Amino acid sequence: MSQAHALSLVGLTKRYGSFTAVNDVSLDVAQGQFLTLLGPSGSGKTTILMAIAGFVAPSAGAILLDGREITPLPPEKRDFGMVFQGYALFPHMTVAENLAFPLRVRGMERAERDTKIRATLDLVQLSQFAERRPSQLSGGQQQRVALARALVFEPNLLLLDEPLSALDKKLRAELQDELKTLHRRIGRTFINVTHDQEEAMSLSDTVAILNHGKLIQIGAPDALYDRPRTRFVAGFLGKSNMISGRIAERIGATARVSVGATTLTQRLATGATGDTVLLSLRPERIALLGDGETAENMVEGHVSAWSYLGAGHSLTVETTDLGSLRLTLPTWRAPFAPAEGLTLRLGWPSDAAAPVEDDGDE
Amino acid sequence: MRDDEIQSFHQDCVELAQEKHARGQLSRRQLMQAMAALGGAGLATASAHAQGTPRELVMVNWGGLANQGFGNFYGDPFAAENPGWRVVQDSSGPATGRIRSMVESGRVAWDLCDSSASGAKLLGGLNLATKVDYSIVDRANVIAPVFALEYGAAPYSFSSVLCYDSSKLPTPPTGWADFWNLQRFPGTRLLRRDAVCSLEAAMISMGRPAYPIDVRAAMRRVGELRRNLVFWTNGSESEQLMRTGEAVMGQVWHTRASVLERESNGRIKFIWNQGILQPGIFVIPRGNPGGVMAQRLLGSMLAKPEPQVGLLGLLGNGPTNPRAAALVPAELKRFNPTDPANERQQVAIDGNWWGDNYQQVNADFIDAITG
Amino acid sequence: MSSAVLTTRAAVPAPVPRHFANAGWYALILPAFLLMTAIYVAPILQVLAISVTEPTTGLDNYERLLTNAGVQRAIVTTLRIGLITTAIALLLGYVLAYVVALASPAAQRWWLLAVLVPLWISVLVRAFAWVTLLRRQGLVNQGLMNAGIIDAPLALVWNELGIVIGMVHYMVPYAVLPMLASMREIDPRLLAAARGLGASRFTVFRRVFFPLSAPGLAASGVLVFIFSLGFYITPAILGGGRTLMAAEWIKMQILDIVRWGMGAMLATVLVIAILTTLAVFSRVVNLKRLFGAGA
């Protein structure tokens, strides 16, 4: 049996009355991929997942599994494993019975069932809890049972609806690692939904960013982080300095961008002289320039706020033309004691900032 | 809630009068005029004795219009003759068990209770009732010995008669033998869910004398009809069952039969023949607060024919005073159980037999017809 | 699941403290306890006393449980009608509760109103209304005859069928409420999860919804059954005088035949039967909780 499957959404739309929860979303999930649908609440990510699972009937568009349309299939015919928010474990069954449920409804023999249950419980390290009831387990254990139950019948896809949101931060990090390991080990296609960008980045091969029911950008986490397409993506995936300027001159793939009296050198593929341009500059891409050091872009400013983060410092520097710039410096790169009012010279190369579309969303 | 209990005759009279009044057959004014002629309204009587503190006799009835009927036809004539006394009506419903509970608790509040022949015998046997003092109450004031018992006397009478639907039975039935003849008279029959009168009818239907009741034979006889019987527990139910045509025949109280005959344009009729004539017995609980005055009140109720005729007009209860029948207006004679022409055809109940046997026989009867 | 709520709904007269760790709290309920004793427990004890002293001291009355066909018949009739009523009321109530539980919040309010309104109509009125509907010339028989479904009127009332119809009608709201409470506790995600795991709608109902609503079903069953044992007015009016249930039998013994001992005996037996049912039930519910059916 081929373990991994590919899923495609084509023009998926879901309307509730006059409200459009999902607006013409198309995307492809390759075999064995770990895709995360990421967005704030109300972005339509959960509706998409529910449509994939079969609980929500799309108003328009199609869902294809390995190129075959499954849009009209009821949930029980799709063979997708799903981990619900809050886990949705059956409280009147033991852990083993919870795992047996999907096997039983598929008419599997008892012996085979037991073997599979044991193997899956081993996989999530819960063998010794087989006879417990869900209410006798901790949150993390329940989460793993939910995962085991969703995997035990070797589903076509594994769907995860905010699987870690009910857990505390430490446990969440631990389970993130487990989930990732699990994905690599079993090689199935996972589709995850979350509003937590760190979780999305750390778990996924591909992240699809949604806002107001629309797919804004899809790609590998680093690509999204480094090359956000819009101001929303830049802001949603971590912190960013937004710099708005005008193209003063174009020299090949590089442009000179005027921001007030300052002129920046920026790699820019499109845009003509006179166009306004919005740049997203990640705080960790800004370097502190020592005496005599130079960079393609250099500005001077004074520290207005700072904080110590252990691994580094976070500084806010007020500049004349670029407003306040936030930067983070590894501790070893900050050979001074930061203080308010301290004047600093900052620099970054022409490819550090990314031009973004201004979609009005922070 | 009492509506669902097996209803006694007294309760039913009251209900019937209310129904008549509601239907407009008995106007409030007529009612009041009759009452005023027969001793004045209750309020006037009460104020006449306002100077002294009047002593009270408590008469217990089954509620509704009996309060008024008994108050005006029994209580007021007595109070008018006995200054310093007044008679108050209590409508708690003097079930035998309630009288027992009151006497045994030692706090008797009742003087005269609307009971029954078997109730009187039962209470007397348990030493819960006072014997009627026939030096005060005059035996000569009742038309038959059945109305003057050891532990109670009856100022009124009633009867359980055969009532039939002439639209369903082209040949009119003439007695209890026809009631049991399913070939000639097919259809549902009604009996009261009580051994009293049911077993008498069964005895008579076999061509045997009503008393002494051969309980086993009579019970078996009732059993023969079982599939065709519906048992009623209150009078309006029996009337309804006849009126709506659910039953073709029934043993019902004469008051209900009278209403049916008058209102169905002759569709439903009843016969006095082999009706079971019964006394409306009042008993005095042992240790009653009014003492011997209760005997005097009972004596007064028996002695006055006019109020008894008044009660016949209001509630349908038959008089028991020998002089009353002559006073009954012509149009009421057909419906008076103690009219000589009607009385002759009926069988008087044997209260003593029932007093001795009611508990066991009725329990057996209920067992036999239920389950 | 809401086992605690359910036991309350089953109208347990006085919860028996399992331990006295919180003596202070029990002191607070002392006035209520004394009041209950005075107005509730004392009369019951009195009834118990009468049952062993009337007409003679001893267990003669209880012996009649074994020998007297009348009392046996009253008990058997009561249990039979009680069980039939409970079964039908539970079935109808379950379907109704299921529909209500799955309805939209707005629809739920209307459903609940429809379920509860009959509770405000007197049992007497309802019984007479059934007579009017079910008798030979009643609406049901006339309707069926006019439709040509039957030739002769059916005997729908003045028999046990009539009693069961009247009692079921009375008991359905009582059956619905505890079941609805327990169904509302069921997380709808569990049903979605079950379907996502491959179960058909029917399997979801059978393996997930039904087991999770079972405590409510049990609570309703106990409630309805106990109520049914004490029915009095409905059987008297709809039974055609031929069916005697325990309550009416007791009333007859006490008020009409004045055999207080026998009446008190059956009353005591009834109270014991009810307390036993409750005791068994509370065990069952506690077991459920122990197994973690409710979190």
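Per-residue answers, yes or no, for (1) without any contact (Cβ under 8 Å) to a residue 60 or more places away in the chain; (2) within 26 Å of the chain's Cα centre (by Cα); (3) assigned by TED's automatic domain parsing to the domain that holds residue A:141:
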position	(1), (2), (3)
A:11	yes, yes, yes
A:24	no, yes, yes
A:38	no, yes, yes
A:44	no, yes, yes
A:75	yes, yes, yes
A:86	no, yes, yes
A:102	yes, no, yes
A:107	yes, no, yes
A:112	yes, no, yes
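Residue A:58: surrounded by fewer than 17 Cβ atoms within 10 Å (Cβ to Cβ), touching a helix residue (DSSP H, G or I) at 6+ places or on another chain (Cβ under 9 Å) and touching a residue at least 40 places away in the same chain (Cβ under 8 Å), yes or no?
no
Within the range A:198-221, can one find any residue that is of a type in the set (Gly, Ala, Ser), surrounded by fewer than 22 Cβ atoms within 10 Å (Cβ to Cβ) and in contact (Cβ under 8 Å) with a residue 60 or more places away in the chain? The answer is no; no qualifying residue exists. Annotation: residue A:156 fulfils all but one of (1) modelled with pLDDT of 90 or more; (2) in contact with a His (Cβ under 6 Å, 6 or more places away or on another chain); the unmet one is (1).
Here is a yes/no grid of residues against (1) surrounded by fewer than 18 Cβ atoms within 10 Å (Cβ to Cβ); (2) assigned to a helix (DSSP H, G or I); (3) within 12 Å of another protein chain (Cβ to nearest Cβ):
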{"position": "C:141", "(1), (2), (3)": "no, yes, yes"}
{"position": "C:150", "(1), (2), (3)": "yes, no, no"}
{"position": "C:228", "(1), (2), (3)": "no, yes, no"}
{"position": "C:231", "(1), (2), (3)": "no, no, yes"}
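If the condition is being under 30 Å from the mean Cα position of the chain (by Cα) and facing chain A (nearest Cβ under 8 Å), then the range C:191-213 contributes C:203, C:207, C:208, C:211, C:212.
Only helices (runs of 4 or more DSSP H) whose full extent lies in the range B:302-371 are considered here, and the ones with at least 3 residues that are at pLDDT below 90 and within 14 Å of another protein chain (Cβ to nearest Cβ) are B:351-369. Among the residues making up the range B:96-127, a single one is within 11 Å of chain C (Cβ to nearest Cβ), part of a loop (DSSP other than H, G, I, E, B) and out of contact with any Phe, Trp or Tyr (no Cβ under 9 Å at 6 or more places or on another chain): B:126. Whether a residue is crowded, with 23+ Cβ neighbours inside 10 Å, touching an Asp or Glu at 6+ places or on another chain (Cβ under 9 Å), away from every other protein chain (no Cβ under 14 Å) and of a type in the set (Gly, Ala, Ser) was assessed, and residue B:280 passes this test.
Of all the residues that make up the range B:177-206, how many are more than 19 Å from residue B:163 (Cβ to Cβ) and in contact with a helix residue (DSSP H, G or I) (Cβ under 7 Å, 6 or more places away or on another chain)? Write out each step before concluding.
First, pick out the residues of the range B:177-206 that are more than 19 Å from residue B:163 (Cβ to Cβ): B:183, B:195, B:203, B:206.
Now restrict to residues that are in contact with a helix residue (DSSP H, G or I) (Cβ under 7 Å, 6 or more places away or on another chain): B:195, B:203, B:206.
Residues flagged as more than 19 Å from residue B:163 (Cβ to Cβ) and in contact with a helix residue (DSSP H, G or I) (Cβ under 7 Å, 6 or more places away or on another chain) within the range B:177-206 amount to 3.
Against the condition assigned to a helix (DSSP H, G or I), among the aliphatic types (A, V, I, L, M) and more than 27 Å from residue A:67 (Cα to Cα), how does residue A:150 come out, does it pass?
On the way: assigned to a helix (DSSP H, G or I): yes; among the aliphatic types (A, V, I, L, M): yes; more than 27 Å from residue A:67 (Cα to Cα): no.
So residue A:150 fails the test.
For every residue, the table says whether it meets (1) modelled with pLDDT of 95 or more; (2) touching a helix residue (DSSP H, G or I) at 6+ places or on another chain (Cβ under 8 Å); (3) surrounded by fewer than 22 Cβ atoms within 10 Å (Cβ to Cβ); (4) farther than 27 Å from residue A:14 by Cβ.
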site	(1), (2), (3), (4)
A:130	no, yes, yes, yes
A:163	no, yes, no, no
A:173	no, no, yes, yes
A:176	no, yes, yes, yes
A:226	no, no, yes, yes
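Determine if the range B:207-223 includes at least one residue that is away from chain C (no Cβ under 14 Å) and either in contact with a strand residue (DSSP E or B) (Cβ under 8 Å, 6 or more places away or on another chain) or buried (at least 24 other Cβ atoms within 10 Å of the Cβ) (or both). Outline the logic, then answer.
Of the range B:207-223, the ones away from chain C (no Cβ under 14 Å) are B:207-218, B:220-221.
Narrowing the set further to residues that are either in contact with a strand residue (DSSP E or B) (Cβ under 8 Å, 6 or more places away or on another chain) or buried (at least 24 other Cβ atoms within 10 Å of the Cβ) (or both) leaves B:210, B:218.
Yes.
Of the numbered criteria (1) surrounded by 17 or more Cβ atoms within 10 Å (Cβ to Cβ); (2) touching a residue at least 40 places away in the same chain (Cβ under 8 Å), the one residue C:184 fails is (1).
The values are calculated or read from the model by the stated rules, or taken from the named source; none is laboratory data. Keep in mind the model is a prediction, meaning the values are calculated, not measured. Counting neighbours? That spans all protein chains shown, and the Cβs are built from the backbone with ideal geometry, glycine included.
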